[in-house]
Amino acid sequence: MNDVRIRYAVTEDKVRIERLLEEAQLPFVDIKEHLDDFLVAECKNVIVGAVGIEIYGEVALLRSLVVAPSFKNCGVGRTLYEGIVAYAHLNGVRELFLLTTTASQLFKKLGFHKVVRSELPKLIQETNEFKSLCPASAVCMVKRIDGEAFHVPREVLRLQKSVPGATMWAVALETAMFTYFDIAPNSRFKMHKHESEQITYVIEGRLDFEIGDKSVSVGPGDIIAIPSNVPHAASAGNEHVRAVDAWSPVRKDFIHKK
């Protein structure tokens with residue numbers, strides 16, 4: 001397991017994922033349209049497992065959890081599952097659904113329970129897996145994931161675009177949020193305000209804040225705390241900036257929902 005790492009799938013992984021799923025007699029014909037939401041397990045540049053998710057607001061369909069036969073029973077499946085659940089959390093998912101013909105006992109151990117097909121949310125019932133790819137005999141299962149503690153592997157913390165020149169990721173609970181920003185030189189966050197209280201800690205570089213008629217330069221190791229609805233702007237100078245923020249309540253606009 002020490003040689004196995006997880007990462008986001010890329011286009012070149014499609015054929016190998018399809019082969020793994022076909023060998024495991026799992027649906028694979030629509031992989032291409034969901035590949036951005038797949039994780040793979042890789043050992044010495046060979047993909048040995050995969051898992052995907054389809055996100056529909058606060059509900060999601062867990063799908064295509066597969067591990068190569070020679071890597072079963074050594075933790076790869078569990079690592080993939082925990083990684084995709086973390087990804088679901090980052091995207092604001094509250095309930096996970098799945099369809100299975102052979103692994104209901106495994107998923108029961110992971111906290112899922114059976115649910116009647118007619119009780120699934122309409123968005124889940126409209127997926128290809130539900131409508132055509134999985135047989136009518138497949139067991140439907142559900143698990144609520146909001147309210148549980150979760151671990152996010154660094155490989156799952158994918159940077160997303162923010163303002164021009166800046167990328168970020170966000171991790172949120174019900175009332176608190178933590179963000180990381182990677183900011184290119186000369187980038188700017190224009191004047192804005194928000195309900196959330198903000199505490200910013202600069203790790204590297206310097207951010208120049210404009211708050212009313214006051215300017216504050218925040219350098220490495222410095223913190224600035226901004227109350228709710230206080231207008232402010234921030235600019236990076238000629239240096240690359242890395243900074244983290246604590247927020248309360250949660251900035252909903254930072255949670256990437258499908």
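Each value in this text was obtained by applying a stated rule to the coordinates, not by laboratory testing. It should be emphasised that the depicted structure is a prediction, and the values quoted were computed from it without experimental measurement. Reconstructed Cβ throughout: ideal geometry from the backbone, glycine too, with neighbour counts over all protein chains shown.
Could you list which residues have their amide H under 5 Å from that of GLY57, counting only those 5 or more apart in sequence or on another chain, with H placed in the peptide plane?
LYS258
Please provide three numbers in whole Å: the alpha-carbon extents of region 1-91 along the principal axes, with the largest listed first.
Sorted from largest, the Cα extents of region 1-91 read 35, 26, 21 Å.
Could you name the lysines whose alpha carbon sits less than 23 Å from that of LYS14, not counting residues in the same chain fewer than 8 places away?
LYS32, LYS44, LYS72, LYS131, LYS258
Assuming 0.36 nm per residue, please report the length gained on full extension of the stretch ASN45 to LYS193 beyond their Cα-Cα distance.
Working: separation 148, 0.36 × 148 = 53.28 nm, distance 4.59 nm.
Going from the current span to full extension adds 48.7 nm.
Based on other C-beta atoms within 10 Å, arrange TYR87, TYR81 from fewest to most. Intermediate values should be presented prior to the final figure.
Details: TYR87 24, TYR81 17.
Lowest count first: TYR81, TYR87.
Considering only DSSP beta bridges whose two residues both sit in region 4-154, what percent are antiparallel, to the nearest 5? Each step should come with its number before you reach the end.
Values: 26 of 29 bridges.
About 90 percent, rounded to the nearest 5.
Where the convex hull is taken over the Cα atoms of region 4-154, what is its projected area averaged over directions, in nm²? If you can, show how the numbers build up before the last one.
Numbers: hull surface 33.9 nm².
Taking a quarter of the hull surface, the average projection is 8.5 nm².
Which one of ILE53, ILE223, ILE31 has the biggest mean-square fluctuation once the chain is modelled by GNM with Cα springs under 10 Å?
Result for the chain, Cα springs under 10 Å: ILE223 fluctuates most.
Anyone know which of GLU195, GLU12, GLU204 comes out most mobile in the 10 Å Cα GNM of the chain?
Top of the fluctuation ranking is GLU12.
Among VAL156, VAL202, VAL116, which one shows the biggest mean-square fluctuation in a GNM of the chain, springs joining Cα atoms closer than 10 Å?
Largest GNM mean-square fluctuation: VAL116.
Relative contact order of region 91-235: what whole-number percent is it, with Cα pairs under 8 angstrom and at least 6 residues apart? Don't skip to the end; give the middle numbers.
Working: 202 pairs, mean separation 26.2, N = 145.
Taking the mean separation of contacting Cα pairs over the length of region 91-235, I get 18 percent.
In 10 Å bins starting at 0, how do the alpha-carbon pair distances of region 176-249 split up by percent?
Percent of pairs per bin, in order: 21, 57, 21, 0.
What are the residues whose amide H is under 5 Å from the amide H of VAL48, where those residues sit 5 or more places off or on another chain and H is modelled from the backbone?
Under 5 Å from the amide H of VAL48 lie the amide H atoms of ALA41, GLU42, CYS43, each far enough along the sequence or on another chain.
Listing VAL46, VAL139 from the residue with the fewest other Cβ atoms within 10 Å to the one with the most, what is the order?
Ascending Cβ contact count within 10 Å gives the list VAL46, VAL139.
I need to check one value: relative contact order of region 97-162, counting alpha carbon pairs closer than 8 Å and at least 6 residues apart, in percent. Mind showing how you got there, number by number?
On the way: 43 pairs, mean separation 32.2, N = 66.
In percent, rounded to a whole number, it is 49.
If every alpha-carbon in the chain counts as one equal scatterer, what log10 I(q)/I(0) does Debye give at q = 0.07, 0.14, 0.15, 0.18 1/Å?
Reported log10 I(q)/I(0), two decimals: -0.31, -0.96, -1.05, -1.31.
I need the phi-derived Karplus couplings for region 139-155: 6.51 cos²θ - 1.76 cosθ + 1.60, θ = phi - 60°, integer Hz, Gly and Pro marked x.
Each residue's phi maps through the Karplus curve to give 7, 9, 9, 9, 8, 7, 10, 6, x, 9, 5, 9, 10, 10, x, 4, 5 Hz.
Could you work out the Rg to Rh ratio of region 61-102, with Rh taken as the Kirkwood radius (inverse of the mean 1/r over all Cα pairs)?
Values: Rg = 11.6 Å, Rh = 11.5 Å.
Here Rg/Rh amounts to 1.01.
Among the aspartates and glutamates, select those whose C-alpha is under 19 Å from the C-alpha of LYS214, and discard any that sit fewer than 8 residues away in the same chain.
Filter leaves GLU197, ASP222.
Going by alpha carbons, how many degrees (0 to 90, nearest 10) lie between the helix axis of 14-23 and the longest principal axis of the chain?
In the chain, helix 14-23 runs at an angle near 30 degrees to the longest axis.
How big is the antiparallel share of DSSP beta bridges in the chain, given as a percent to the nearest 5?
Numbers: 65 of 68 bridges.
Taking every DSSP beta bridge within the chain, about 95 percent pair in antiparallel fashion.
Determine the relative contact order of region 4-154: mean sequence separation of Cα pairs under 8 Å and six or more apart, normalised by residue count, in whole percent. All intermediate terms of the calculation are to be shown ahead of the outcome.
Numbers: 238 pairs, mean separation 32.4, N = 151.
Value for region 4-154: 21 percent.
Can you run phi through the Karplus equation (6.51, -1.76, 1.60; θ = phi - 60°) for region 201-206 and list ³J(HN,Hα) in whole Hz, with x for Gly and Pro?
Residue by residue, region 201-206 yields 10, 8, 8, 8, x, 8 Hz.
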